Amino acid sequence: MENLLRPVIVVGGSVVLTVLIGWATDRLLCKADRRHPETPLWGLLRRGRIPYQLVLAAAMLRGSYDAARLLQDHRTGIGQALTLVLIGATAWLVIRIAAAIVETSYSRYARMHHDPARVRRVRTQVTLIMRVVSAVVGVVAAASMLLTFPPMRAAGASLLASAGLLGIVAGVAAQSTLSNMFAGLQIAFGDMVRIGDTVVVDGEWGTVEEITLTFLTVRTWDERRITMPVSYFTSKPFENWSRGTPQMTGIVYWHVDHNAPVELMREKLRDILRECPAWDGRACGLDVTDTTPNTMQVRALVTAKDADDIWTVRVRVREEMIRWLSREHTYALPKVNTSDAAQPPGRLPGPSDSPGGTVRRVHETPRPAR
C-alpha cells in the first residue's frame with residue numbers, strides 16, 4: 001500500500017502545489033495591476049504564468065522524484081528529462097520577464113516624451129535589445145541542456161582545443177549573417193532608420209514595419225512588403241523622409257500653353273490650399289520653371305506636416321487646378337496647332353505660305369536688272 005500511496009502523494013502534491021502557487025501569484029499580479037493601472041508591468045508579467053508553473057512543477061518533481069520511488073529502472077532518463085524541462089522553462093520565463101520589463105520601460109518613455117522621432121528610435125532599440133536577449137538566453141539554455149549529458153562534458157576538452165579552427169571556419173561561413181547582425185545593431189543605436197519611418201528604397205516608397213538583427217521589412221503604399229538585409233541600409237544610400245522633423249515640401253508640375261494665366265493660377269492655388277485641411281499653411285508658391293516650343297512648365301510648391309499629408313495636398317492641388325483650367329481657361333491647356341500660324345507684322349500671305357513657294361515681302365523695292 002505504501003508503494004502505491006507514496007508516488008501518488010509526491011506527484012499529486014507537486015501538481016497541487018504548482019497550481020495553488022501559480023493561482024496565488026496570478027491573483028497578486030491582478031491586484032497589483034488594479035492598484036497601479038499607470039504601470040503595465042504587472043499585467044505583462046501575467047503572460048509568464050505558463051512558464052512559471054512549468055518551472056515550479058519541474059523543480060518540485062525533480063526534487064521529490066527520488067522520494068517517490070517511481071519507475072526506479074528509468075530514474076536516470078526521467079531525471080534527465082525533468083532537468084531539460086526545467087532549463088527550458090526557466091529560459092522561457094526569463095525571456096517573458098525581460099520582455100515585460102523592456103515593454104514597460106518603453107511605455108513609460110512614450111508617455112513622457114511626445115516627439116514621434118525619439119519614440120520610434122527607442123522602440124527600434126528596445127525591439128532589437130529584446131531579440132539579442134532572447135538569442136543569448138536561448139544559446140545559454142541550449143548549452144546548459146547539452147552539458148547535462150555526460151558525453152558532452154567529456155568532449156569539452158577536445159572541443160575547446162579545436163575552438164580556434166572552428167571559429168575561423170564558422171566566421172568565414174557566416175560572414176554575411178554576422179555582417180547583417182552588426183548592421184542591425186548599428187541601425188538600432190546609430191539612429192539611421194527607425195520603425196515607422198517613411199523611406200524610399202530602390203524607387204519604392206513605404207514605411208519601415210519591422211527591424212530584426214538580419215533583415216528589415218518595408219510596407220509600401222499598396223500594402224506590399226519588401227524584405228531587405230539590414231546591411232543594405234549601412235552600405236547604400238536611401239531616402240528617409242522622417243529624419244529630423246516630419247514636415248515635408250511637395251512639388252506639383254503642369255504643362256500648359258504659353259498663353260496660360262500664370263497670375264490667376266497663383267491666386268487659384270492659394271484658394272485651393274485654403275480649402276485643403278492637409279495643408280499646414282507654412283508656404284506655397286507657383287512659378288514658371290521651363291519652356292518648350294509648344295508648352296511651358298509651371299511648378300507649385302506646397303507644404304504639409306508629414307509624408308501622408310503632403311501626398312494628399314499634391315493630388316488635391318493637381319486635380320483642382322486641372323479642373324479649373326478646363327472649365328474657365330480652356331485656351332491654357334496644351335494643344336497641337338493644326339492651322340496656319342499667325343504671320344509676323346508687315347508680312348502678307350503669299351505663295352511662300354504653300355509648299356514650294358517663294359518669300360515675298362511687303363514694300364520690297366525691285367532690284368535693277370544688270
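Each value in this text was obtained by applying a stated rule to the coordinates, not by laboratory testing. If you're wondering where the values come from, they're calculated on a predicted model, not measured in any experiment. Cβ atoms come from the backbone with ideal geometry, glycine included; neighbour counts cover every protein chain shown.
Within segment 256-286, the GluC sites (Glu not before Pro) that combine a DSSP coil assignment with at most 12 other C-beta atoms in a 10 angstrom radius are GLU275. Structural size metrics of segment 248-332, computed from C-alpha coordinates, are Rg and Dmax of 12.5, 38 Å. For ASP222 and LEU17, the FRET efficiency from 1/(1 + (r/R0)^6), where r spans their Cβ atoms and R0 equals 51 Å, is about 0.35.
Of the listed peptides 279-285, 204-210, what is their order by residue-averaged count of other C-beta atoms within 10 Å, with the highest listed first?
On the way: 279-285: 14.7, 204-210: 17.1.
By packing density, highest mean first, the sequence is 204-210, 279-285.
For segment 205-223 and segment 30-44, compute the distance between their C-alpha centroids and round to whole Å. Taking the Cα centre of segment 30-44 as reference, the centre of segment 205-223 is 33 Å away.
Taking Lys and Arg as +1 and Asp and Glu as -1, the other residues whose beta-carbon sits under 15 Å from that of ALA32 total +4. If only the Cβ of Lys and Arg carry +1 and only the Cβ of Asp and Glu carry -1, the dipole of segment 248-332 around its Cα centre is close to 40 debye. Summing charges over neighbours of ILE272, with a neighbour being any other residue whose Cβ is under 13 Å away from its Cβ, gives +3 when K and R count +1 and D and E count -1. Which of the lysines could a cross-linker bridge to LYS305, judged by Cα under 27 Å and excluding same-chain residues fewer than eight apart? Partners found: LYS268.
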